[in-house]
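K.L.:
The structure is given below, and queries will be raised subsequently.
The values are calculated or read from the model by the stated rules, or taken from the named source; none is laboratory data. None of the values given here were measured: they were computed from a predicted structure. FYI the Cβ positions are ideal-geometry reconstructions off the backbone, even for glycines, and counts take in every protein chain you see.
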Amino acid sequence: MKKVPVYFYYLDVTRATLRPDGSHLLLNDFIAFFSEALEFTVGIDVNLRKRDYPSEEKVIWLSSVDDYGNGNYDLILSSAKYNHRRNVVNTNTMVERGLLKDRFDGDEEKTHVCIRHQNGREQFICIHESNYFGIGLKRISNYINEMLKEYQEYIDGNYVYSLSSQPMPCNEFLEELARMRKISILTVAIERQDLHDDFLRFANRDDIKETVDIVIKKKSRNINIPKDLVSEYYNNSTENENKIQRVIAEGTNETGYFRLDSELMKMKQSIDVESTPDTNEVDSTDFFRKAQVYLNNLR
């Protein structure tokens, strides 16, 4: 049994019109298009649906789709990090087994995503499995949008659809921010590939986390970090295509020291999921079954 953290998001649909016909965006039209695009993508050769991200030395691809109709989907996206070769040691016997991978070999990691639609809503609800070695939702959204664009070109469709995500809040970050009296330290986490700095080439290692923390401290003892600066960073973190992944404000409120963390303000749960016997991975069938229980309470 594994305890798997999951985050909840809203997914919004936008549509660009290539050949204007005076129509408005209808979600049912997108659902039909999305189902066709998923079926098309998962049906082509894996070399055609994979995407390579050289800066991360990682490839990702759509590996499985379950379409339940009416805008309800279970997706599995896989990823593999290459160019990471190490000498393998049996930790029971401490016998060295040598280099077992070639340069372009990588361990496949699965990331599970549930997408659900409720009649009458103009948004989808999404559950994303948080897998440190897997794929973040931002990267998944980019991959899906590329997939939608390629399918539009394949059928020569009239519209280009895209999906954007917004975290589903469990508490109001800005309300807690308003209660703070002083802010002395502001930490902003940005994805490594979004910072174009020669210094960061030294951090392009597999054992370094994918985000870079920028720490902003108050200028002097009597001057605090303004709340509108914190809220501006936070608002950016909730927008589509955002570069900011996390905002942490440290200071005081009416009770004393207080630490406000946007990561903790997202709707987050942990699911106890069975694991596979050979690789100790999340069992996909059990994950989707357990995730559906949470989705039933949200819809």
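K.L.:
Hand me the list of strands (runs of 3 or more DSSP E) wholly inside the stretch 122-197 holding 1 or more residues that are surrounded by 14 or more Cβ atoms within 10 Å (Cβ to Cβ) and in contact with an Asp or Glu (Cβ under 6 Å, 6 or more places away or on another chain). Outline the logic, then answer.
P.N.:
Values: elements: 124-129, 159-167, 182-191.
Passing ranges, in order: 159-167, 182-191.
K.L.:
I would also like to ask the following. Of all residues in the stretch 3-46, count the ones that are modelled with pLDDT under 95 and over 20 Å from the mean Cα position of the chain (by Cα).
P.N.:
Total meeting the criteria: 15.
K.L.:
Something else now. Looking at 36, 57, which one is under 24 Å from residue 211 (Cβ atoms), assigned by TED's automatic domain parsing to the domain that holds residue 110 and among the acidic types (Asp, Glu)? Full working, then the answer.
P.N.:
Values: 36 fails: under 24 Å from residue 211 (Cβ atoms).
On inspection, the qualifying residue turns out to be 57.
K.L.:
Considering only the stretch 87-101, I want to know if a residue exists there that is part of a strand (DSSP E or B), at negative phi and in contact with a helix residue (DSSP H, G or I) (Cβ under 9 Å, 6 or more places away or on another chain). Give the derivation first.
P.N.:
Initial filter on the stretch 87-101 (part of a strand (DSSP E or B)): 87-89, 96-99.
Those still in the list that are at negative phi too: 87-89, 96-97, 99.
Then drop every residue that is not in contact with a helix residue (DSSP H, G or I) (Cβ under 9 Å, 6 or more places away or on another chain), which leaves none.
No, there is no match, as no residue in the stretch 87-101 is part of a strand (DSSP E or B), at negative phi and in contact with a helix residue (DSSP H, G or I) (Cβ under 9 Å, 6 or more places away or on another chain).
K.L.:
I would also like to ask the following. If you check 192, 221, 289, which single one turns out to be within 25 Å of the chain's Cα centre (by Cα), modelled with pLDDT under 90 and of a type in the set (D, E, K, R)? Before you say what the answer is, go through the steps one by one.
P.N.:
Numbers: 221 fails: within 25 Å of the chain's Cα centre (by Cα); 289 fails: modelled with pLDDT under 90.
Criteria check complete, one pass: 192.
K.L.:
In the stretch 1-31, how many residues are within 30 Å of residue 276 (Cα to Cα) and outside any strand (DSSP E or B)?
P.N.:
1
K.L.:
Are there any pairs, at least 6 apart or on different chains, whose C-beta atoms fall under 8 Å, with the first in the stretch 80-100 and in contact (Cβ under 8 Å) with a residue 40 or more places away in the chain and the second of a type in the set (Val, Ile, Thr), and if so, which?
P.N.:
none
K.L.:
Considering only residues that are surrounded by fewer than 19 Cβ atoms within 10 Å (Cβ to Cβ), among the acidic types (Asp, Glu) and assigned to a strand (DSSP E or B), which ones fall in the stretch 32-83?
P.N.:
52, 66, 67 - these are the residues of the stretch 32-83 that are surrounded by fewer than 19 Cβ atoms within 10 Å (Cβ to Cβ), among the acidic types (Asp, Glu) and assigned to a strand (DSSP E or B).
K.L.:
Sticking with this one: Looking at (1) part of a strand (DSSP E or B); (2) surrounded by 15 or more Cβ atoms within 10 Å (Cβ to Cβ); (3) not basic (Lys, Arg), which is the only condition residue 291 fails?
P.N.:
With respect to (1) part of a strand (DSSP E or B); (2) surrounded by 15 or more Cβ atoms within 10 Å (Cβ to Cβ); (3) not basic (Lys, Arg), residue 291 is out only on (1).
K.L.:
Let me ask something additional. Going by the structure shown, is residue 68 assigned by TED's automatic domain parsing to the domain that holds residue 149, under 22 Å from residue 135 (Cα atoms) and not charged (D, E, K, R)?
P.N.:
Details: assigned by TED's automatic domain parsing to the domain that holds residue 149: yes; under 22 Å from residue 135 (Cα atoms): no; not charged (D, E, K, R): yes.
No; evaluated as a whole, the condition is false for this residue.
K.L.:
Out of the residues in the stretch 227-239 that are surrounded by 15 or more Cβ atoms within 10 Å (Cβ to Cβ) and touching a strand residue (DSSP E or B) at 6+ places or on another chain (Cβ under 8 Å), state the one that is modelled with the lowest pLDDT. Reasoning before the result, please.
P.N.:
Of the residues in the stretch 227-239, the ones surrounded by 15 or more Cβ atoms within 10 Å (Cβ to Cβ) are 227, 230-231, 233-234, 237-238.
Applying the additional criterion that residues be touching a strand residue (DSSP E or B) at 6+ places or on another chain (Cβ under 8 Å) yields 227, 230, 233-234, 237-238.
Values: 227: 91, 230: 91, 233: 88, 234: 83, 237: 77, 238: 69.
So the residue we want is 238.
K.L.:
Among (1) outside any strand (DSSP E or B); (2) among the charged types (D, E, K, R); (3) under 26 Å from the mean Cα position of the chain (by Cα), there is one condition residue 109 misses while meeting the rest; what is its number?
P.N.:
Here residue 109 clears every test but (1).
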